[in-house]
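The values are calculated or read from the model by the stated rules, or taken from the named source; none is laboratory data. None of the values given here were measured: they were computed from a predicted structure. Quick reminder, even Gly has a Cβ in these numbers, built from the backbone with ideal geometry, and neighbours come from all protein chains shown. The area values use the complete protein model at the heavy-atom level, side chains included, leaving out ligands, DNA and RNA. Shrake-Rupley method; radii C 1.70, N 1.55, O 1.52, S 1.80 Å.
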Amino acid sequence: MRARISELAKRLQSREISAVELTKAYIDAIEKLNPTLNAYVHLTFDTAQKAAEQADQMLKKGDAPLLCGIPMALKDNICTDGLTTTCCSKILKDFKPYYDATVWEKLKAHGAVLLGKTNMDEFAMGSTSETSCYGAPLNPRNTNYVTGGSSGGSAAAVCANLAVYSLGSDTGGSIRQPASFCGVVGLKPTYGAVSRYGLIAYGSSLDQIGPMTNSVKDAAIVFDAIKGGDRRDQTSVDYDYGSSLAESLDRDVKGMRIGVAEEFFDGINPEIKSKIEEAIKLIERNGAVIESIRLPALKSALPVYYIIACAEASSNLGRYDGIRYGYRTSSYASIEEMIVKTRSEGFGDEVKRRIMLGTYVLSSGYYDAYYKKACLIREEINREFDAVFEKCDVLVAPTAPNTAFPLNYKGASPVEIYLSDICTVPVNIAGVPAISVPCGEDAKGLPIGMQIIGKKFDEATVLQVAHFYEQSAGKVIGDYEGGAGI
Amino acid sequence: MTISKTEIEKLAKLAKLSFSDEELERFTAEFDEIIAFADTINQSIEGGTEEIRNVSARMVSFDDLRPDEVASSLPNEKILSNVEGDNGFFSVERSKK
Amino acid sequence: MNYEIVCGIETHVELATKTKIFCGCTTEFGGEPNTHCCPVCTGQPGSLPILNQKVVEYAIKAGLALNCKINTKSHMDRKNYVYPDLPKAYQISQYDEPLCEKGYIELDSGKRIGITRIHIEEDAGKLVHENGYTYIDYNRGGVPLIEIVSEPDISSAEEAKEYAEKLQLTMRYIGISDCKMQEGSMRCDVNLSLRKPGDSRFGVRTEIKNINSLSFIRKAVIAEAERQADILDAGGIIVQQTMRYDEGTNSVTPMRDKENSDDYRYFPDPDILRFSIDDEKVEEIRSSLPELPFDKLKRYVNVLGLPEATARLIFRYRKVAEFFEGALAEGASVKNTANLIVGTIFSNMDTEEEKELFTTRISAAQSAALVKLADEKKINIGVAQSTLQKMLESGKSVEEFIKPEDLVGISDEELESLCKEAIDANPKAVADVRSGKDKAINMLFGYIMKKTGGKADIRKAEALLRKLIGQ
């Protein structure tokens, strides 16, 4: 039975258990399981213990926030002052930022206890977390399979009870897809709802940080704590959500309009299709109205995503040249050569592929045909989503067209992997919020995730529908036995 | 369309990356496939016709821009904390064996 | 062979804002290396740029002062290239939606040099190469710049210098930059090509960088025009390249390639929102501009009647002009005020810098009080000059140095009443003057001189007497 934030908070606040004891339980579990699972790449046990002691002080005073003393993890692309942050890349080896990401500042103020930084695809580029320079994390549900990516370590940590919650980042599905592969909940907020200051950039107009948890309510609690405008991120929005989203999750779905677009179901695994349909029927039986809708622009979503994300990435990653931080090659004849060698030795293959694609689509002669065209189609996709949300409150779709891949799946070309992002990528392009919740297992026992997509800044409805489904559907996947037992 | 080796070398130069001959062989094939994949946008619907000015539709008004007030900079040791600085400077040896 | 010079100038001006363009670090000059820095201006992973409002305001001021159209919607683009002084491997600049466009600078001849565009961008850090190492200081990284691009309307070395001079003066006047070429707060790159007179096509052009003063601009244009003419005369072709001007040898030589003709892959910066400014705000900014320098010069000459040479000495420093106008506002005369400033006050100031700052220990009003005494002929010019010098050295007002007893000459009212007195006291002389015996007026002069101890202004007295007598 996996820990939930509110239950733990109650036990901490009633002093039934101390933050120090709770943290120790997680530290012991990590020491036991992480060598196999490889969910964490940097451990911060000293920091965690000190934070737990401080949390106990806060708890003693009474009136501590819900998240106070709760052990958690951060994806390794979120900057933590004085703590190693590498994006799981050789080129950021030993990099210690001297500033905190805004989300981490906020969570620290809530008394969060950081256990460590989690494994990920290098620079968040990938869908399996296998491009990590630290080797892939393993799916706790079946260690012959991948966790998904790029926030694979964050998903695995939460799934295996090695963290109560974690933060991931999502540019084309990197929170939602690993959440679905590992059978946990993952929320990608509206673009701009959470500050990107301190998130090491991949696709600047697509990236968002979000919670990965064991329940929808937990996702709401964490989102409440990290959301908000930030003067250090001009793209962030100080949206007035009114009250706490975690406290207003209960809502009757009667009369709600649920949009189902056939474009999301094109070519997906039939097992997945049937589980999603089952879930939709459940919601319908409770009074929701199912609307069949069309989103024809989705057909171009994948190349649009890759063009825009890689263009931005090729520019964002230009700064890794060994001069101010990170890895620097040891022998060279000129500074120009130093830079080329550092980058060629420091970056992995997938990162290089995406930098090259990004350079190509921005280069003179190709800019109009690729980058500009992709931006124009992006606007079209946005318009289609806007139109659809006039008729629907939320959309329901699969999170991924497949369940977890086997590890080291040979024969999958880069493009084949890109194609598996089909269900998640349109959401980032449109900048709307979406959550993935477990809704079943396939014949191999691997989790299946369902996506609930809402309109901009309507995380409230997305969370409400997800919460309703979670409560009504009951147990949809098997329990993970292991990890911190408290 | 097949991308030529010269074009890839040109891109690599811009991206400040270098590939061995064997890597270049393998890479060119993969890159071809990726470009063909990117090319599929040309089969799709027309987008709008305006110039793209910014990927986000939001605008900010002049009045909401950051006021010109000095915030304290960080101390030199922090700025250099991830390298071996030299008298307060970032330094790179111009060539090294 | 006679060739036509076709020349355009690209000027980078460092804006005198307090903070950098995308972060709150100070733009103060100097400082120990890497002490005016933060994650944003050193391109740390995860950092994000936040645009400075004053930078936009100053750029708009520049645009208005140069007669440009202001784009009320604008955005920033990334210019991607790799060089150690550029921490993010891209410079945030503006490519296809510059803040200001289509302005001009008018030369003395009346010819207008077009200004194509003005855009905002960030400066790079500083590199020092020594002992086999390259050292980098990012204090200057992120300092705001405007780039002002002229049309290729310049046709001579003199015009090039004049354009740059007028640009410099205007930018200083509106207070957005100190535009010191030697310090790098104003940098000019000259583009030059030649063509046969009457040919409408453009020849191949070269770009000359590293010009450190206004007079070197003129020399560089001459040197490069000569170099190109020699090549063309010999039947050769001009190679498009970047050149540098060498002051020592007064020659233009090819520069070693800093960057090859890179493809900059411009695209809109996704971290910076597109920004807009409304027309009322632009008008507000326009009305906050001081009188522009060349409008002022015209007014000094045409309306105030100052001789052009004197006018030029005063108008070119905004603070001097303000001081001058302040004295006039207190009733001081144009001619005397101008001469005392240019004569006495300037003799205490050796450098351009001092005249720019124009720190004096006395105010314009104090100056005016002195000048008026000279205007009224109560003191002569020599006394005025020496008193002014004493005032400048001590900071004390004129009353400290000139007591009522020292006043030479008498006031107009006094003179008038004396004249009336003289007329009343000498009726026969008055009658004689009226009947044509003009010499009789000397009696009246005598009376007045006796009464004033010889200090009266005879010409003024004569005019008054004749008026009162009725001739």
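Tabulated values for the structure
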item: Charge context of C:ALA321, other residues only, Cβ under 12 angstrom, K/R +1, D/E -1; result: +3
item: Potential lengthening between A:ASP386 and A:VAL415 on full extension [0.36 nm per residue; Cα-Cα distance subtracted]; result: 7.5 nm
item: Residues in the stretch A:73-102 that, when all protein chains are in place, have 40 Å² or more less accessible area than the chain alone would give (probe 1.4 Å); result: A:TYR98, A:TYR99
item: Label zone at A:ASN269 (point 7 Å along Cα-to-Cβ), backbone N below 13 Å, the stretch A:133-157; result: A:142, A:145-148
item: Anisotropy class of the stretch A:362-428 from Cα gyration tensor, a/c 1.5 cut; result: oblate
item: For residues of A:202-212, the mean tally of beta carbons on other chains within 10 Å; result: 2
item: Accessible area buried at the B-A interface, both sides summed, 1.4 Å probe (Å², nearest 100); result: 5000 Å²
item: When each of A:LYS372/C:LYS111; A:LYS341/C:LYS20; C:LYS298/C:LYS355; A:LYS93/C:LYS79; A:LYS32/A:LYS61; A:LYS227/C:LYS126 is checked by Cα-Cα distance, pairs over 30 Å; result: A:LYS372/C:LYS111; A:LYS341/C:LYS20; A:LYS32/A:LYS61; A:LYS227/C:LYS126
item: Those residues of the stretch A:398-419 whose amide nitrogen sits under 17 Å from the label point placed on B:ARG26, 7 Å along Cα→Cβ; result: A:408-417
item: Radius, Kirkwood style, for the stretch C:412-469 when every pair of distinct Cα atoms is counted (Å); result: 11.0 Å
item: FRET efficiency, C:PHE202 to A:ASP368 (Cβ-Cβ, R0 22 Å, nearest 0.05); result: 0.25
item: Kirkwood hydrodynamic radius over Cα pairs of the stretch C:1-118, then Stokes diffusion coefficient at 37 °C and 0.692 mPa s, in µm²/s; result: 196 µm²/s
item: Rounded accessible area per residue of the stretch C:4-281, 1.4 Å, Å²; result: 37 Å²
item: Residue-normalised accessible area of the stretch C:291-407, expressed per residue, 1.4 Å probe, Å²; result: 50 Å²
item: Buried solvent-accessible surface, both chains (A, C), 1.4 Å probe, Å² to nearest 100; result: 2700 Å²
item: Heavy-atom surface of the stretch C:412-469, accessible at 1.4 Å and reported per residue (Å²); result: 62 Å²
item: Label-to-label distance, nm, for residues given as A:LYS32 and C:SER386 (7 Å Cα→Cβ offset); result: 10.4 nm
item: Carbon/sulfur fraction of accessible area - chain C, other protein chains in place, 1.4 Å, %; result: 49 percent
item: Cα-Cα separations in the protein assembly as shown greater than 44 Å, expressed as whole percent; result: 47 percent
item: A:LYS61-B:GLU77 FRET efficiency (beta carbon distance; Förster radius 25 Å; 0.05 resolution); result: 0.10
item: All-pairs alpha carbon distance profile, the stretch B:1-46, 5 Å steps from 0, percent; result: 5, 19, 27, 22, 13, 7, 5, 2
item: Chain pair C, B: total accessible area buried, heavy atoms, 1.4 Å probe, Å²; result: 3900 Å²
item: Shielding by other protein chains, C:87-100, mean Cβ within 10 Å; result: 2
item: Sorted peptide list for C:435-448, C:64-77, criterion being average Cβ within 10 angstrom, highest first; result: C:64-77, C:435-448
item: Efficiency of FRET from Cβ geometry, A:ASP250 and A:ARG285, R₀ 25 Å, rounded to 0.05; result: 0.90
item: Within-15-Å neighbourhood charge of C:THR116 [Cβ basis; K, R +1; D, E -1]; result: -3
item: Highest average packing first - A:267-273, A:211-217, Cβ atoms within 10 Å; result: A:211-217, A:267-273
item: Carbon plus sulfur fraction of accessible area for the stretch B:1-46, probe 1.4 Å, in percent; result: 53 percent
item: With DNA, RNA and ligands ignored, accessible area of C:ILE5 (1.4 Å probe; Å², nearest 10); result: 30 Å²
item: Normalised alpha carbon radius of gyration of the stretch A:10-76 [divisor 2.2 N^0.38 Å]; result: 1.17
item: By average C-beta atoms within 10 angstrom, highest first, the peptides C:354-364, C:143-153; result: C:143-153, C:354-364
item: Cα extents of the stretch A:32-107 along the three principal axes, largest first (Å); result: 44, 31, 18
item: Whole-percent carbon and sulfur share, accessible surface of the stretch A:124-251, 1.4 Å; result: 40 percent
item: Heavy-atom SASA rank of A:HIS467, A:HIS110, C:HIS129 (probe 1.4 Å, accessible area, largest first); result: C:HIS129, A:HIS110, A:HIS467
item: Surrounding net charge for C:LYS102, when Lys and Arg each add one and Asp and Glu each subtract one, Cβ distance under 11 Å; result: 0
item: Rough spin-label spacing in nm, given labels placed 7 Å along Cα→Cβ, for B:GLN43 and C:THR359; result: 7.4 nm
item: Helix C:293-302 axis, angle to chain C major axis (alpha carbon atoms, nearest 10°); result: 30 degrees
item: For residues of C:125-135, the mean tally of beta carbons on other chains within 10 Å; result: 4
item: Check: the stretch C:4-281 dipole with +1 on Lys, Arg Cβ and -1 on Asp, Glu Cβ, in debye; result: 240 debye
item: Lys, Arg +1 and Asp, Glu -1 on Cβ, resulting dipole of chain C about Cα centre, debye, nearest 20; result: 1620 debye
item: Accessible-area value, C:ASP199, 1.4 Å probe, nucleic acids and ligands omitted, Å²; result: 50 Å²
item: Shape call, the stretch C:181-285: gyration tensor on alpha carbons, a/c limit 1.5; result: prolate
item: Cross-link partners of A:LYS273 among aspartates and glutamates (Cα-Cα below 12 Å; sequence separation of 8 or more within a chain); result: A:GLU262, A:GLU441, A:ASP442
item: Three-way shape label, the stretch A:310-452, alpha-carbon gyration tensor, a/c 1.5; result: oblate
item: Inter-centroid distance (Cα atoms) of the stretch A:439-455 relative to the stretch A:1-33, Å; result: 28 Å
